[in-house]
Amino acid sequence: MTEDHRRGDWLLGIDLGGTKTEVALLDAQGRFQLRERLPTPGGDYAATLETIAALVARADARAAAAGQLRLPLGLAIPGAVSALSGRIKNANSLALNGQDLQGDLERRLQRPVRLQNDANCLAVSEAVDGAGAGAALVLGVILGTGTGAGIAIEGRAWRGRNAVAGEWGHNPLPWPRAEWGEWPGPACWCGQTGCIEAWVSGPGWAAAHRRETGEVATTEQIVAAMRAGEPQARESFERQADRLARALAHVINLLDPEVIVLGGGLSNIGELYEAIPARWAQYVFSDAVQTALRPARHGDSSGVRGAAWLWRKGD
């Protein structure tokens, strides 16, 4: 597949999520010219390809009307591309694993496609013109149904030799606390136990709350109860903040990013931005922690914006 399809200066991106698939067209100034979503077909690879094709067709119609013809596609995925096979690996949307997603899409859409991990796309979007703009090294963290991270260096994603750079969610929760029942930890879908994702993702937090209190509640309900002054919910939030502080301190000790940007549904919990930095100093190997912790400036649009950025000129 050649790359001579591209005409004009607009960018086309899709964010393939576990529950929704979103398409966006960005103009040369990074402004949305189209943004639409469709539900992601759970567990159905063929239907996922058709959902992407339907969204691209809508974007093509809008782009053609503006003289932007046959744009290449940047795609954010909840996994990575194997350097050995070229197929998808490590996706928590399990139907993607083992598939030649890039090849299948290039044949289906008749255009070049670039794939990148969704957390890397978040990091790129926020590093280019978001909460990490101007920083040389940005860590973009997704806290939602799953937990992952991406690394942007000088505004570009760092994939790593094995395409697993930033797979922070599948390291073990550091400094486990026996009094909170953190060792060996719950089973993770990846086959390990005690992974960071199994503790600090939305489902992980809800499961920990249930184990610790006997109460079945969503993260939204836990936060609402905490804000209403309910003691068990406050304790649950404090444990969650401490786990996140430990997990992020581990990354600071390794990469020392200038800015950590939080995305995903849990990033909207404003109390985290005070609670986490108040705790992480005790775990960071430094006399002071100057790392900034910020919410994603572009919110839930960062993933699809970062996907579109994969076709910036010069990349």
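For the range 115-166, the set of residues classified as acidic (Asp, Glu) and modelled with pLDDT under 90 consists of 129 only. So, restricting to helices (runs of 4 or more DSSP H) that lie completely within the range 201-304, which ones have at least 1 residues that are closer than 22 Å to residue 17 by Cβ and not aromatic (Phe, Trp, Tyr)? Of the helices (runs of 4 or more DSSP H) lying wholly inside the range 201-304, those with at least 1 residues that are closer than 22 Å to residue 17 by Cβ and not aromatic (Phe, Trp, Tyr) span 202-213, 219-227, 231-255, 272-275. Cβ-Cβ distances below 8 Å connect no pair with a first residue in the range 88-114 that is within 16 Å of residue 73 (Cβ to Cβ) and among the hydroxyl-bearing types (Ser, Thr, Tyr), a second residue that is modelled with pLDDT under 95 and buried (at least 17 other Cβ atoms within 10 Å of the Cβ), and a separation of six or more residues or different chains.
Every residue, every condition in (1) surrounded by 17 or more Cβ atoms within 10 Å (Cβ to Cβ); (2) in a loop (DSSP other than H, G, I, E, B); (3) assigned by TED's automatic domain parsing to the domain that holds residue 260, yes or no:
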residue	(1), (2), (3)
142	yes, no, yes
148	yes, no, yes
166	yes, yes, yes
179	no, no, yes
190	no, yes, yes
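Of all the listed residues (270, 229), the sole one being on the phi > 0 side of the Ramachandran plot and surrounded by fewer than 19 Cβ atoms within 10 Å (Cβ to Cβ) is 229. When the range 176-216 is examined, which residues are found to be farther than 18 Å from residue 236 by Cα and of a type outside the set (S, T, N, Q)? Hits for the range 176-216 are 184, 187, 188, 189, 190, 191, 195.
The values are calculated or read from the model by the stated rules, or taken from the named source; none is laboratory data. Source: prediction; values computed, not measured. As a convention, Cβ positions derive from the backbone with ideal geometry for all residues, glycine included, and neighbour counts pool all protein chains shown.
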